[in-house]
Amino acid sequence: MASRRNNNHPSQDLGDYVMRGGERIELERESDRFTAMPADARELERLRSAPGVRAVEPVTREVYRVLTTMNERDAAMSALRSDAFNTIAHHAYRPKDGEGTVFYITDRIVMRLAKSATQADMSVLLDKYKLRLLKAYERRPQTYLVQVTKDSGANPIKIANLLAREKGLVEYAEPDMINRFYSSQIPSDPLFKRQWHLDAKAGPQLLAAAAVGAPAAWDITPGERSIVVAVIDDGFDLSHPDFQGAGKVVHPRDYVDGDSTPFPEASHDDYHGTPCAGVAIAESNGRGVVGVAMGCAFMPVRFPLSASDDELVQIFEETAAHADVISCSWGPPPVNAPLPQVLSDTFTELATSGGPRGNGVVICFAAANFNAPLNADVGFAGFVWRDYDGQLRRTRGRILNGNATHPSLIAVAASTSLNRHAAYSNWGKEVCVCAPSNNFNPLDSSAFAPGLGIWTTDNERHGQDFTPRSRYTGRFGGTSSATPLVAGIAALVLSANPNLSAAEVKEILQSTADKIVDTDPDFLGAMRGAYDGNGHSDWFGFGKVNAEKAVREAKRRG
């Protein structure tokens, strides 16, 4: 049976140390922060307005760091613990005379009974300290996870230390602390630190929230070689160092020259495919940049950015025989361009049952860069847009982008490094998601539009380039960059769970996307950043893709 020694009144020193792996660590309380565990989202929002609370930041999905001040800490904790809030709050700690280490505790304790202790002993301990038994560790005999309750009378550190004093009954008891780690999947490629769209820290014209959270996704998977990302575009510098590696390039096709060497050519003004591909799949090799799906295979498909209906059917069918994901950073200008039935049917079939897995191919299309509707009647006055040669044009009547509006495909819009709508990005109810890219005014490229460019691979030895005398550029952008970023994240999702269908991948990308809040009008005075009852925005679709959330959800469904 449990010891009859009276330990219900903890002595003053019980909260001054913690046991960790058998080591006693002397503690000091943090003066300007503590932790809280709100019961739900509503309680979390109320917590933010509590007296003395300066900021609330997530540490885990359950535990939040509450920032306050030295003078307000105790009052803020008391307020949260009061009946008005009824929130669990605990001190944050640091090692005595130490800096840089902060211990955040939960309301749980891991304890191991002595070999001689019985289940009856365990029941007595649970009752004595008013603990809730959460689980027994199946592979760790006599080891349990317990939860401190309001009736326990002390915080988890003190209760753990009291349990440890139950000699003959308890072998050890340690608070269940929050372990925080830095990603082990930070690429050594020197330009990665400039690839803010993958991982960002706040800076000039940059918000940390603008990135897609790639490193945390890479901790689950950097992409599997068995997952193939096809980029259909104008040509690819396959001699580029970031397209090298065993099994990196697979099934190359060139529908311009009719061979398997889809290199760009200056005579064709080819410049686009290489940077698109880099955003999706550039290899992590200690050089240059990385793609979001750096571990996946790359299928380069060159075509002349013009093709008949029959040719497009052939290109997509032959590409889908090998590719799990297809990225298309091209499409019609803002004119009436419906899909022919044969191509529409092809897209439906490929997205439903095509691909090497038979579960459908994920096909991503750029929404395009004219700040135009994807599907609308624009009236007699027409819609004014500037073509890529700089000429102003006007479309009257119907505007329809048949590629981006196909219901089985993924239409990709663009956001900026300030986590706002990219001024050029086309919009409409058919937009599925957005992804970070650069910013510019589509009617006046010399006008100021805040936002950073995208760093990726660039042509140097073949075709045209964005940055002369360099195999890399920081000047890429448009929905041309956002689209392969989404395609690469789709490839990570399939790397985490290759049994998913294309429709499930699309749903995961949409349901895990971050809702961008942008209430400012665009340069024409329109406001399309609000979300409807279904969580959809004309500017952002269902939000900005989040690589970490998407990959975690895919893994959960595995």
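Only the coordinates and a few stated rules stand behind these numbers; no lab work does. Treat the numbers as computed from the prediction; the structure is a model and nothing was measured. Note that each Cβ is placed from the backbone with ideal geometry, even for glycine, and that neighbours are counted across all protein chains shown.
Taking θ as phi - 60° and the Karplus parameters 6.51, -1.76 and 1.60, the scalar couplings of segment 168-175 work out to x, 10, 10, 7, 7, 8, 9, x Hz in sequence order, x denoting glycine and proline. Mind listing the long-range amide H neighbours of Asp107? Cut-off is under 5 Å, sequence gap 5 or more, other chains count too, H placed in the peptide plane at 1.01 Å from N. Amide H neighbours of Asp107, under 5 Å, 5+ apart: none. Pairs spanning more than 22 Å between alpha-carbon atoms, out of Lys128/Lys158; Lys201/Lys515; Lys193/Lys506: Lys193/Lys506.
Helix-only mean residue ellipticity at 222 nm, the chain, DSSP H runs n ≥ 4 weighted -39,500 (n - 2.57), per residue, nearest 500. What is it? Walk me through the intermediate numbers first.
Values: 11 runs with 113 residues, N = 558.
After summing the helix terms and dividing by residue count, I get -6000 deg cm²/dmol.
Computing FRET efficiency as 1/(1 + (r/R0)^6) for Asp74 and Ser226, where r is the C-beta to C-beta distance and R0 is 60 Å, gives about 0.60. Peptides 504-511, 477-484, 81-88 ranked from most to least packed by the mean count of surrounding Cβ atoms within 10 Å: 477-484, 504-511, 81-88. Across every pair of non-identical alpha carbons in segment 19-149, the mean reciprocal distance, once inverted, gives a Kirkwood radius of 16.5 Å.
Sorting 458-470, 521-533, 537-549, 112-124 by average packing, meaning the other beta carbons within 10 Å per residue, from highest down gives 537-549, 458-470, 112-124, 521-533.
Give the shape of segment 278-411 as rounded, prolate or oblate, defined through the alpha-carbon gyration tensor: a ≥ b ≥ c are the square roots of its eigenvalues, a/c under 1.5 means rounded, and otherwise the shape is prolate if a/b is larger than b/c and oblate if not.
Working: a/c = 2.40, a/b = 1.44, b/c = 1.66.
Judged from the Cα gyration tensor, segment 278-411 comes out oblate (a/c at least 1.5, b/c at or above a/b).
For the chain, the antiparallel share of DSSP beta bridges with both residues in that region comes to about 65%. Across segment 137-248, C-alpha contacts under 8 Å between residues 6 or more apart give a mean separation that, scaled by the residue count, equals a relative contact order of 13 percent.
In a DSSP loop and with at most 16 other Cβ atoms within 10 Å, the chymotrypsin sites (Phe, Trp or Tyr not before Pro) in segment 162-253 are Phe181, Tyr182.
The HN-Hα couplings worked out from phi for segment 260-266 by the Karplus form 6.51 cos²θ - 1.76 cosθ + 1.60 (θ = phi - 60°) are 10, 10, x, 6, x, 9, 4 Hz, whole numbers, x standing for Gly and Pro.
Please compute the net charge surrounding Ala503, taking Lys and Arg as +1 and Asp and Glu as -1 over other residues with Cβ under 15 Å from its Cβ. Write down the numbers at each step before the final one.
On the way: positive: Arg357, Lys506, Arg557; negative: Asp324, Glu349, Glu504, Glu507, Glu553.
With Lys, Arg at +1 and Asp, Glu at -1, the neighbours total -2.
Computed from the C-beta positions of Asn336 and Arg475 and an R0 of 30 Å, the FRET efficiency is 0.40 to the nearest 0.05. Charge dipole (Cα centre; +1 on Lys/Arg Cβ, -1 on Asp/Glu Cβ; no other charges) of the chain amounts to roughly 2560 debye.
How much length, in nm to one decimal, is gained on full extension between Arg20 and Asp83, taken as 0.36 nm per residue of separation minus their Cα-Cα distance? Don't jump to the answer; show the numbers that get you there.
Details: separation 63, 0.36 × 63 = 22.68 nm, distance 3.33 nm.
So the extension gain works out to 19.4 nm.
Over segment 99-238, the Kirkwood radius and the radius of gyration, each from Cα atoms, give a ratio Rg/Rh of 1.23. Cα centroids of segment 194-233 and segment 296-337: 24 Å apart.
In sequence order, segment 108-124 has phi-based couplings of 10, 9, 9, 10, 10, 6, 5, 4, 7, 6, 10, 5, 5, 4, 4, 5, 5 Hz under the Karplus curve 6.51 cos²θ - 1.76 cosθ + 1.60, θ = phi - 60°, and Gly or Pro positions carry x. Other residues whose C-beta falls under 12 angstrom from the C-beta of Asp465 contribute a net charge of -1, scoring Lys and Arg +1 and Asp and Glu -1. Distance from the Cα centre of segment 410-434 to that of segment 244-282, in angstrom? So the separation of the two Cα centres works out to 26 Å.
According to the square roots a ≥ b ≥ c of the eigenvalues of the Cα gyration tensor, what is the shape class of segment 176-278, taking rounded for a/c under 1.5, prolate for a/b larger than b/c otherwise, and oblate for the remainder? Prolate.
For segment 434-531, the gyration tensor built on C-alpha atoms gives an oblate shape. Its axis ratio a/c (a ≥ b ≥ c) is at least 1.5, and a/b is not larger than b/c. When you count the other C-beta atoms within 10 angstrom of each residue and take the mean per peptide, 17-23, 358-364 line up highest first as 358-364, 17-23.
In this structure the amide hydrogen of Gly543, modeled in the peptide plane, comes within under 5 Å of the amide hydrogens of Cys434, Ser537, none closer than 5 places in sequence on its chain. For Ser353, neighbours were defined as the other residues whose beta-carbon sits under 14 Å from its Cβ, and their charges (Lys and Arg +1, Asp and Glu -1) total -4. Taking every C-alpha pair closer than 8 Å and separated by at least 6 residues, the mean separation divided by the residue count of the chain gives a relative contact order of 12 percent. For segment 221-341, the convex hull spanned by the alpha carbon atoms encloses 122 Å³ per residue. Given the alternatives (1) 28.2, 91; (2) 27.1, 86; (3) 23.9, 77, Rg and Dmax of the Cα atoms in Å as computed for this entry is given by (1).
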